[in-house]
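Asker: First the structure, then my questions, so here it is.
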Amino acid sequence: MDVDHTSKAEVQFNKVPVEFSGKGTEFFGIWIVNVLLSIVTLGIYSAWATVRTKSYFYGNTKLDSHAFSYLAKPLQILKGRLMAIAFFVAYSLVTSFFPIAGLFFSIALVFLFPWIIVQGLRFDSRMTSYRNVRFNFHGTYGKAFVTFILLPIVGMLTVYLAMPWVMKKMNEFVLSNTSYGEQRLSTYIETKQYYLAALMVLVVTVIGVAAIIAIVFAAVGGLDPAAFVGLSTAAQIAGGLVYFALIFLVSAIFKVKIRNHVFNSSEFEDLAKFRSNMSVLPYFMLISTNFLAIICSLGLAYPWAAIRTARYFANSTQAKISNKADAIIDTNGDHKSSFGDEAADAFDIGVSAI
Amino acid sequence: MKQQLSGTYYFPKTSRAQSVELLVNGEVVNLYQNHKCIMATNTSQLSVSSAIPGVALEVEFLDGGKFIAANSSDRLSLANGKIERLEKSVKWVLASVLMVPLLIWFGIAVLMPKLVTESVKHLPDVVAQEMGEQTFYALKKSILDPSEVAKADREKVISQWQQALDQLGLSKDKFTLHIFKSDFFGANAFALPDGTVVITDDLLISLQDKPDAILAILLHEIGHVQRQHSMRIVAQSISNSIIIAVVFGDLETVAELLVGTGAALVQNAFSRDMEREADNYAFEKLHELGIPATAFADAMQGFLDLNQAHADQPETEKKGLMRYLATHPDIEDRIERANQYGQ
């Protein structure tokens, strides 16, 4: 009893700053020059560009005044990227030229998919370090197969009623298998919160769609398809904007509710606790203005959008760190494969939980 | 040359950190903590991170220890700073802003189509054959139903088709005509890369008393086969996806959406070009057969009438912004081009 008591008393948590110090103009230079070099080298330089971009965002994210580091080497990424491209070309050629053989390829892909997810998460974790200690990911193929293939099928069979629970399971898989050095991340996320978020999304979607229909009805005086013919280009653009606004609002609600819940219910025991206090409206404004700026600038506003998004995330995050943070051991061995990571990139699979 | 940086030293394999001064003097590297030397090594025992604007320099030691500079603009002459100089140079950044859109346009709109058109010519015939056969099989299993048009009417169309093939010196084995009923396609005709041509009941019925118009459409479909259009579309969409994925590897969803939309618009522009190419093929072959190109205009007019009758595809749809979303050129343009060719 006594021993237990003293060891608990030893742990003291202190509030530490979470900062992002990246600047739009600085990152613009990095980004545009790297895109040019990637084109000129027929894509080969893109591996270096990826490393530089990630290093910029990691190195400018500071927790308790210590920066994160991105450890991947460009050649690792290049190798993975070439393999992913070869695979993508083979897959596209087979499915388009030999559709029936392509069907078998697609089935094989279902079994490959969990492996890509696990490899990608492992690579991302191991290539991230903080205070010279690397993160790690311990998820297995079997668990990933259940979580990312079988559970979504269950979700669909239940007419999506089980989907919020499936999404919670996916986040849980990612979070509970993450470790910082030897220290596992503990997570206490609740299914209830996912259903609440889904319910809000549903309500807003229904109201939004009803509002759009009402506006259209008022504007053209009916829902006869023939009436739409008269819509001017300006009206088409306005319609498109309302449609995108609804999509952004819905995704902002889900993202904000889930991120806050995930941060508030996950911790490195005795080491670090987090809080997230994002709110829907500012985040909605952020992503919609990013979208408009990127469109109006034909893509050139991308670096600015990326920087202010990262800054917003840092500003809405609080952390408390214990006096044990100085004594975390890194037991990661060397890890070389980046195929999973890049395959995940090429097939556009995003599994990040936060 | 002597260089001194202040920063944090992280001990090997732990999160233990210490404020230190890093001193590099020629090949000798020393770490000082409160003016006390805690490590002495040389430049061959460490690796310095590539310099990136706004990112603090990192020095990794062979034993797993790491030094991170306190000031993000401090650099060691050991670090490779060539790229950083470009990224910080106003001249290079401005040049990139001009060059990047130009090069992307050139790559996707000029270079790739040329390469793709040339390279699909070298594809072995068996690829087109397999692709055609497998697609045909899949379509028959899904959205094509047996024709309900009277047998005599069907035979009339097929014999007219075979006559035309003979006159044009095209292989009857390669170009086979099939008639199906399809609710999915409605009034339509399409060709598969192996030369299989399909025309639907609805189209046949709507052009019943205009055999030349039917022939014009079928010749347009042969044009697609002869110019290897399906192969080019497949090869082009694959190569565009790769270009976009490689050049913009790190884009976020919104930017990806934008780039994807751009790629789709370019793809549709090619599709419209290909339709025009197939139209031209049809005009030429009609001319060879001694049929006026206006037969093609009749066929297109048939589509227009059909659309107006159903009103589900208003003719104004292809005006305004929607024009860029279309995979086919404006029907009225196509009619006019056919009429012009006839004159």
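Asker: Which one, A:ALA210, A:LEU150, A:ILE329, projects farthest toward the positive side of the charge dipole computed for chain A from Cβ point charges (K/R +1, D/E -1)?
Answerer: A:ILE329
Asker: Rounded to the nearest 0.05, what FRET efficiency is calculated for B:LEU111 and A:VAL11 with R0 set to 60 Å and r the Cβ-Cβ distance?
Answerer: According to the calculation, E is roughly 0.45.
Asker: Quick one: what are the phi-derived ³J(HN,Hα) couplings along segment A:14-29, Karplus 6.51/-1.76/1.60 with θ = phi - 60°, whole Hz, x for glycine and proline?
Answerer: Per-residue couplings from phi come out as 10, 6, 10, x, 10, 10, 10, 10, x, 10, x, 5, 5, 6, 4, x Hz.
Asker: Which of the pairs A:LYS15/A:LYS73; B:LYS121/B:LYS210; A:LYS169/A:LYS257; A:LYS15/A:LYS169 have their Cα atoms more than 28 Å apart in this structure?
Answerer: A:LYS15/A:LYS73; B:LYS121/B:LYS210; A:LYS15/A:LYS169
Asker: On a full-extension model of 0.36 nm per residue, what is the gain between B:ILE38 and B:LEU102, subtracting their alpha-carbon distance, rounded to one decimal in nm?
Answerer: Gain on stretching B:ILE38 to B:LEU102: 17.6 nm.
Asker: A further question follows. Got a sec? Which residues in segment B:80-121 would a label at B:ALA269 touch, if it sits 7 Å along Cα→Cβ and we count backbone N under 15 Å?
Answerer: Counting only backbone N, you get B:101-114.
Asker: Distance from the Cα centre of segment A:17-94 to that of segment B:115-140, in angstrom?
Answerer: 37
Asker: With chain B treated as a Gaussian network of Cα nodes joined by springs under 10 Å, which of B:HIS35, B:HIS178, B:HIS229 yields the largest mean-square fluctuation?
Answerer: Maximum among the listed residues: B:HIS35.
Asker: From the square roots a ≥ b ≥ c of the eigenvalues of the alpha-carbon gyration tensor of segment B:33-160, which class results: rounded (a/c under 1.5), prolate (a/b over b/c), or oblate?
Answerer: Note, shape of segment B:33-160 comes out prolate.
Asker: So which residue, out of B:LEU203, B:LEU22, B:LEU286, gets the largest mean-square fluctuation from a GNM of chain B using Cα contacts under 10 Å as springs?
Answerer: B:LEU22
Asker: Continuing with the same structure: Can you compute the modelled spin-label distance between A:GLU269 and B:SER19, with each label point 7 Å from Cα toward Cβ, in nm?
Answerer: That separation, rounded to one decimal, is 3.5 nm.
Asker: Something else about it: May I ask you to evaluate 6.51 cos²θ - 1.76 cosθ + 1.60, the Karplus curve with θ = phi - 60°, for each residue of segment B:69-75 and list the ³J(HN,Hα) values in order in whole Hz, giving x for glycine and proline?
Answerer: 5, 6, 9, 6, 9, 5, 10
Asker: Please go through the residue pairs A:LYS79/A:LYS168; A:LYS79/A:LYS324; A:LYS273/B:LYS88; A:LYS192/A:LYS320 and name each one whose alpha carbons sit more than 28 Å apart in this structure.
Answerer: A:LYS79/A:LYS168; A:LYS79/A:LYS324; A:LYS273/B:LYS88
Asker: Can you tell which of B:VAL24, B:VAL266, B:VAL100 shows the greatest fluctuation in a Gaussian network model of chain B with Cα springs below 10 Å?
Answerer: B:VAL24
Asker: Got a sec? How would B:GLU275, A:GLU19 order by Cβ neighbour count within 10 Å, fewest to most?
Answerer: In order of increasing Cβ crowding within 10 Å: A:GLU19, B:GLU275.
Asker: Can you tell me how segment B:2-80 classifies by the Cα gyration tensor, rounded, prolate or oblate, using a/c under 1.5 as the rounded cut?
Answerer: Judged from the Cα gyration tensor, segment B:2-80 comes out rounded (a/c under 1.5).
Asker: Return the FRET efficiency for the residue pair A:PHE111, B:LEU304: r is the Cβ-Cβ distance, R0 is 56 Å, and the value is rounded to the nearest 0.05.
Answerer: Given R0 = 56 Å and the Cβ-Cβ separation, E is 0.70.
Asker: In units of 2.2 N^0.38 Å, what is the alpha-carbon radius of gyration of chain A?
Answerer: 1.13
Asker: Be a star and scan segment B:75-101 for residues whose amide nitrogen sits under 17 Å from the point 7 Å along the Cα-to-Cβ vector of B:GLN3.
Answerer: Counting backbone N atoms under 17 Å from the label point, the list is B:75-86.
Asker: Using only DSSP helix segments of four residues or longer, with each worth -39500 (n - 2.57), what per-residue ellipticity at 222 nm results for chain B after dividing by its residue count and rounding to 500?
Answerer: The per-residue figure over chain B is -17000 deg cm²/dmol.
Asker: Label points 7 Å out from Cα along the Cβ direction at B:LYS141 and B:THR261: separation in nm?
Answerer: 3.7
Asker: Work out, step by step, the length gained on full extension between B:SER77 and B:LYS151: first 0.36 nm times the residue separation, then minus their alpha carbon distance; give nm to one decimal.
Answerer: The B:SER77-B:LYS151 span can extend by a further 18.1 nm.
Asker: If I model a spin label at A:ILE213 and A:GLU19 as a point 7 Å from the Cα along the Cα→Cβ vector, what separation in nanometres do I get?
Answerer: Once both label points are built, they end up 5.3 nm from each other.
All of the numbers you see were taken from the coordinates with simple rules; none came from a lab. None of these values were measured; they are calculated from a predicted model. Glycine gets a Cβ as well: all are built from the backbone with ideal geometry, and neighbour counts include every protein chain shown.
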